[in-house]
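What follows is a single structure, written as structure tokens, with notes after it.
The values are calculated or read from the model by the stated rules, or taken from the named source; none is laboratory data. A quick note: this is a predicted structure, and the numbers were derived from the prediction, not measured. As a convention, Cβ positions derive from the backbone with ideal geometry for all residues, glycine included, and neighbour counts pool all protein chains shown.
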Amino acid sequence: MMKNLFNLLCIGWVLCCVACTGENQNNTPETSRMQDRPEAVDQIKDKSRKVVKNDKGYWEAEFEDGHIMIYIPQGEFTMGSNDGLPNEKPVHNVYLDGYWMGKCPVTVGQFRKFVEDTEYVSDAEKGQGSWQFWEGRWVVRLDGNWKNPYFEQGEDHPVVSISWNDAIAFCKWLSDRTGVSFKLPTAAQWEKGARGMDERIYPWGNEIPDGTRANLADILFWNKYDDSRKADKNVDDGFVETSPVGSFPAGASPYGLLDMAGNVWEWCYDIYDSNYYSNSPYKNPTGPPDTGQPDQERVNRGGGSWTDRSGHLTPEGGHNLRSAARTGDEQNSSDDHMGFRLSIDSDSR
């Protein structure tokens, strides 16, 4: 009887070892990564050059021409602010499905590739002109456009003097090239990407910019543009106008997005309505209905630009670096401090 008991114990031990071996085989590092990876990441990995996690712990996908997208998981966040202009109120909760957001704004070089491939002519070049600084103030210059913003830019600087229509055309071209549906982000996607879920004032937190986190209107701006905008004269960020994208890693958002404060304002998809927050839907808001008018206003976001001061309100346009700040411009207009970045989501807009 003791012999039979011993045999049963041995058989049980062997079966236990086999089971443990199978479990270990099923929990290889690759299996663990796959379990950790959202379906949206799997859907895009074959269409991108590589997919990795960034130093914030979020997935990044790199596409052709250096376009890098960061995946922002689904969830609720608080949108708006009680510390800004009336168009930032009421503060309200918004739920967003998971989406991808461009790590940086689209650059001059990336936009040039689009123009060379399609022979595209921007709205500014069609006769609209662009808002440029001229003789002490910002005015529409008919020869102002993305190739001539009246200041020097490198290929790695954010493209400016771009209309909303131009940005949409770029998205369509890149979508056709890659098989991925690139879009402009909604205003809600933009704000969540900038602030995360803890209601911070700036992408990096609540500390006022000190010249290491964002490209803003500083002493260098004031030396050239004088009092055309209220500059922070005690700050030197190293740039007069635009800077190469990603120049301020200390200003990264909770997800690792760069230039979400300063450098350029950015077009969003939404129609602009200063009272929209009063009746905005809870889930995946995309703005008021499209009227089809060629000069309807679209939302601008960006936590300010190279022309804006750190966190102090300038009521004309609401220009400042706070992540909740927003304003609007006609979708066919162009501006020397307006650019755009990309998004990817499952919405059909």
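Of all residues in the range 39-57, which are outside any helix (DSSP H, G or I) and touching a Gly at 6+ places or on another chain (Cβ under 6 Å)? Once the filter is applied, which keeps residues that are outside any helix (DSSP H, G or I) and touching a Gly at 6+ places or on another chain (Cβ under 6 Å), the range 39-57 yields Lys47, Asn54, Lys56. Among the residues of the range 161-181, not a single one is in a strand (DSSP E or B) and either buried (at least 23 other Cβ atoms within 10 Å of the Cβ) or touching a strand residue (DSSP E or B) at 6+ places or on another chain (Cβ under 9 Å) (or both). Would it be correct to say that Trp222 is within 14 Å of the chain's Cα centre (by Cα), in the same structural domain as Lys283 (by TED's automatic domain parsing) and under 22 Å from Met338 (Cα atoms)? Criteria not met by Trp222. For the range 103-124: of the residues being in a helix (DSSP H, G or I) and small (Gly, Ala, Ser), which is surrounded by the most Cβ atoms within 10 Å (Cβ to Cβ)? This residue is Ala124.
Within the range 125-152, take every residue that is in contact (Cβ under 8 Å) with a residue 24 or more places away in the chain and assigned to a strand (DSSP E or B) and give me the one that is surrounded by the fewest Cβ atoms within 10 Å (Cβ to Cβ). Among those that are in contact (Cβ under 8 Å) with a residue 24 or more places away in the chain and assigned to a strand (DSSP E or B), it is Arg137. Of all the criteria given as (1) of a type outside the set (A, V, I, L, M); (2) surrounded by 21 or more Cβ atoms within 10 Å (Cβ to Cβ); (3) not in a loop (DSSP other than H, G, I, E, B), the one not satisfied by Pro185 is (3).
Of note, Phe221 satisfies the criterion of being hydrophobic (A, V, I, L, M, F, W, C) and assigned to a helix (DSSP H, G or I).
Applying the selection to the range 49-78, what residues are closer than 29 Å to Phe111 by Cβ, in contact (Cβ under 8 Å) with a residue 40 or more places away in the chain and of a type in the set (Gly, Ala, Ser)? Across the range 49-78, the qualifying residue is only Gly66. Gly317 meets all of the listed conditions (1) at pLDDT below 95; (2) in the same structural domain as Phe239 (by TED's automatic domain parsing); (3) in contact with a Ser or Thr (Cβ under 7 Å, 6 or more places away or on another chain); (4) assigned to a loop (DSSP other than H, G, I, E, B) but one, namely (4). Within the range 141-171, being more than 13 Å from Pro105 (Cα to Cα) and among the hydrophobic types (A, V, I, L, M, F, W, C) holds for Leu142, Trp146, Phe151, Trp164, Ile168, Ala169. Can you find even one residue in the range 128-139 that is among the charged types (D, E, K, R) and more than 25 Å from Ile44 (Cα to Cα)? Yes, the range 128-139 contains a residue that is among the charged types (D, E, K, R) and more than 25 Å from Ile44 (Cα to Cα). Just checking, does the range 310-324 include any residue being on the phi > 0 side of the Ramachandran plot and under 16 Å from the mean Cα position of the chain (by Cα)? Scanning the range 310-324, I find no residue that is on the phi > 0 side of the Ramachandran plot and under 16 Å from the mean Cα position of the chain (by Cα), so the answer is no. On the stretch given as the range 255-309, residues that are among the aromatic types (Phe, Trp, Tyr), assigned to a loop (DSSP other than H, G, I, E, B), crowded, with 20+ Cβ neighbours inside 10 Å and over 13 Å from the mean Cα position of the chain (by Cα) total 2. Of the residues making up the range 246-264, those that are touching a residue at least 60 places away in the same chain (Cβ under 8 Å) and either over 25 Å from Asn332 (Cβ atoms) or in contact with a Lys or Arg (Cβ under 7 Å, 6 or more places away or on another chain) (or both) are Gly246, Ala252, Ser253, Pro254, Tyr255, Gly256, Leu257, Leu258, Met260, Ala261.
Name the residue, out of Pro294, Pro289, Pro285, that is free of Cβ contacts under 8 Å to residues at least 24 places away in the same chain, under 27 Å from Ser181 (Cα atoms) and not hydroxyl-bearing (Ser, Thr, Tyr).
It is Pro289.
Among the residues making up the range 225-247, those that are of a type in the set (Ser, Thr, Tyr) and outside any loop (DSSP other than H, G, I, E, B) are Tyr225, Ser228.
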